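The values are calculated or read from the model by the stated rules, or taken from the named source; none is laboratory data. Keep in mind that what you see is a predicted model, and the values were worked out from it rather than measured. Cβ coordinates were reconstructed from backbone atoms using ideal geometry, including for glycine residues, and neighbour counts include every protein chain displayed.
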Amino acid sequence: MLGLGVMLMVIAHQVWLQTRGWRFNAMSPYFLVDFLIFTLIGLGSLVEPLPHRSLTEEILFSVFVLSGLAGYYLGLHFPCAALHKRWLAPAAARIPLLRLFSLFSIQTPLLLLAIIGVVAFLLVQRISALGLGFADMLSLSALQIHAQVATEGLGALPVIIVYIITVMVLIHLYRLLQMHRYAVAFGFYVVLTVSYLLIASTRIPVLLCLSAPIAYYHYTIRRINRLLLVALLVGAPVAITLLHGLRSNALFAWTVFDRLVAWTVSDRLVAEIIVLKSFHTLWQRYVDGSVNLEWGANYYYYSPLTFVPRALWAEKPQTSFETRWTMNLFGSLLDEDGQISVHTFTPWGEGLVQFGWLGGVVNLFLYGLILSYAIRFFRNRPHACMVYYFYAVLAATFVRTSVQALAFTTLLYLVAVWLYEAIFMKRPSSEEVIAQCAS
């Protein structure tokens, strides 16, 4: 019942968008988020039905999820006024030193040094924290390194800086391509991709870097929606599986091609779309009365603490919703094999812990509202179309995780775009004229 209900609501939303005059864009959050909801929540619950204890519980669970999905669509299309005008006047008009940054010849080496410097700092930081050599670090999975470094209390500040610099590099990469400076643009692209291969703790940023040229072609040369749909349905599962193997070092254990293919299209692929198990466990604990609600603390308390390094506050609580509730429900971040395993609970589970029965509607409404604001923000910024692509994919993947992750990413991406405009661009809205990227 749940799977069919979710899929019907997603299809109805896509049809409604078409009747409202929306021009289909395979890279738009309007489509990508719906696709992930259709696949992970709808199809996932049909592939592996949840072990409900009674028909009444199944009905209540389905109503909770479907009402949350309705809340998401309400937030996504909520008729609020556009609030994304310029927040502040360009800083260059008041600070003489920043006038130098308006010179394109200064911007290129500056941003290149920034991304290389931050990546080098992160690598040195991790080597120091783990007491390993560079070659030893390359033999470990990125997730294992990230988890061990996190226990050292190094905080999220370096990751925040990487986010901001990545956005700036993407905008600059787009501008280099528009100026036909292809050699420099290719160098930027290689540095960005290699940097994420060295430091990324998840598969998604690496996949985004590898597919960035396709996004540029789609937005600035010719829309390739049909090819993107084929790639999304066929190529993406294989690519994600390969990156999963690289991330866990399982890739090096594969020796026979047919084993790789079989593993790709069976167990691993099925595992990727089963995201409701942990949420359902959380739901059953709530129904049994063994879950203490946070009453919004995830928003006003834990999220701001993300910016406080643990080195400054040794007793700082876990700020990530997924990490915190993995510990609460399962007692450890380690699975039965002793590997790091952080459970994801979806925005529905996050909302349940915040506000109980109403949490699904409230949390998914916030999801839609945040996404709607971001779409409007990017609409008149064609120079940020590659940033918009990164953001759209990440926003869709947060269907697996939380609104907290969406809000954090949205804040960093929008601030980074604004900083680039304020520091490096004189006329950010009219410097390049192409079709609107956001839709």
> Of all the residues that make up the stretch 359-411, how many are of a type in the set (D, E, K, R) and in a helix (DSSP H, G or I)?
Replying inline: 2
> Hey, any hits in the stretch 80-88 for a residue that's assigned to a loop (DSSP other than H, G, I, E, B), basic (K, R), farther than 30 Å from L352 by Cα and at pLDDT below 85?
Replying inline: yes
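Sort through S139, S201, S128, S211 and tell me the only one that's closer than 24 Å to L36 by Cβ and at pLDDT below 70. Steps first, answer last, please.
Numbers: S139 fails: closer than 24 Å to L36 by Cβ; S128 fails: closer than 24 Å to L36 by Cβ; S211 fails: at pLDDT below 70.
Every option except S201 fails the conditions.
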> Name the residues in the stretch 61-75 that are crowded, with 18+ Cβ neighbours inside 10 Å and either within 20 Å of the chain's Cα centre (by Cα) or within 19 Å of Q14 (Cβ to Cβ) (or both), would you?
Replying inline: V65, L66, G68, L69, G71, Y72, Y73, G75
> Identify, please: which residue in the stretch 248-307 is touching a helix residue (DSSP H, G or I) at 6+ places or on another chain (Cβ under 8 Å) and among the acidic types (D, E) and is, among those, modelled with the highest pLDDT?
Replying inline: E294
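Given the criteria surrounded by fewer than 22 Cβ atoms within 10 Å (Cβ to Cβ) and touching a residue at least 40 places away in the same chain (Cβ under 8 Å), does S372 qualify? Steps first, please.
On the way: surrounded by fewer than 22 Cβ atoms within 10 Å (Cβ to Cβ): yes; touching a residue at least 40 places away in the same chain (Cβ under 8 Å): yes.
Yes: the conditions hold for S372.
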> Does H172 fit the bill of being farther than 23 Å from A26 by Cβ and not in a helix (DSSP H, G or I)?
Replying inline: no
